[in-house]
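Okay, structure first, notes after.
A short reminder: the numbers here are calculations on the coordinates, not readings from a lab. This structure is a prediction, so every number in the text was calculated from the model and none was measured. All Cβ positions, glycine included, derive from the backbone under ideal geometry; neighbour counts span all protein chains shown.
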Amino acid sequence: MGLFSLKLESLQQLFVRELRSLYDAENQITEALPKMIENATVPELKEALEEHLDVTNQQITRLDRIFTLLQEKASGETCRGIKGIISEGSDLLSTGGEPNVIDAGIIAAAQKVEHYEIAAYGTVRTYAELLGNSEISQLLEQTLDEEKEADTTLNSIAGNVNIEAKAA
Ligand SMILES: [Fe+2]
């Protein structure tokens, strides 16, 4: 939020602001994922994170399309929530330790990211609906479904990884 940011006077303005924050969040995630992939040991986890990196790039393209439809610029917000979650995750990676325990920690960090995104996309999807933009609402719903799917995948990988971490 810059010095010249306008006060929020309408749901539309809040909607655009939340979308810009998500745009920044997705970009931060594409920068953070390679390091998590590099540090993950279990192949299923590596693959799931690699796949989610591809999905995240598609989500950025989808947001670009939304900004074009809205005739608004995509930049202008920093997502401090995701910044904090990512910074906790990278602290964990730089601490190092048992590979299985690190895997469990990577899953924990990734699921925090997913839950943040599920909350944020659920909100903007609902705003789009309320504002009568069904095309944008459908695009956001698609991303929301992808985030939920990523969370479910991480849950199932965590099943084994946490047991391995306990045995470490
Ligand atoms: Fe995402």
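Values computed for the structure shown
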item: Normalised alpha carbon radius of gyration of the chain [divisor 2.2 N^0.38 Å]; result: 1.11
item: Pairwise label distance in nanometres, residue 38 with residue 167, each label 7 Å out on the Cα-Cβ vector; result: 2.9 nm
item: Alpha-carbon centroid distance for the pair the range 149-168 / the range 2-64, whole angstrom; result: 23 Å
item: Shape category assigned to the range 26-103 from the gyration tensor of Cα positions, a/c cut at 1.5; result: oblate
item: Nearest-0.05 FRET efficiency for residue 91 and residue 138, computed from C-beta distance (R0 41 Å); result: 0.65
item: Helix runs (DSSP H) in the chain reaching 27 Å along axis by Cα, Kyte-Doolittle at least 0.0; result: 99-130
item: Within straight-line cross-link reach of residue 148, lysines at Cα separation under 28 Å, skipping those fewer than 8 residues along the same chain; result: 35, 46, 73, 83, 112, 166
item: Spin-label pair residue 145/residue 129, simplified geometry with 7 Å Cα→Cβ offset, distance in nm; result: 1.4 nm
item: Efficiency of FRET between residue 12 and residue 119 - r from beta-carbon atoms, R0 25 angstrom, step 0.05; result: 0.80
item: Whole-angstrom gap from the range 86-107 to the range 114-139, using each part's C-alpha centre; result: 31 Å
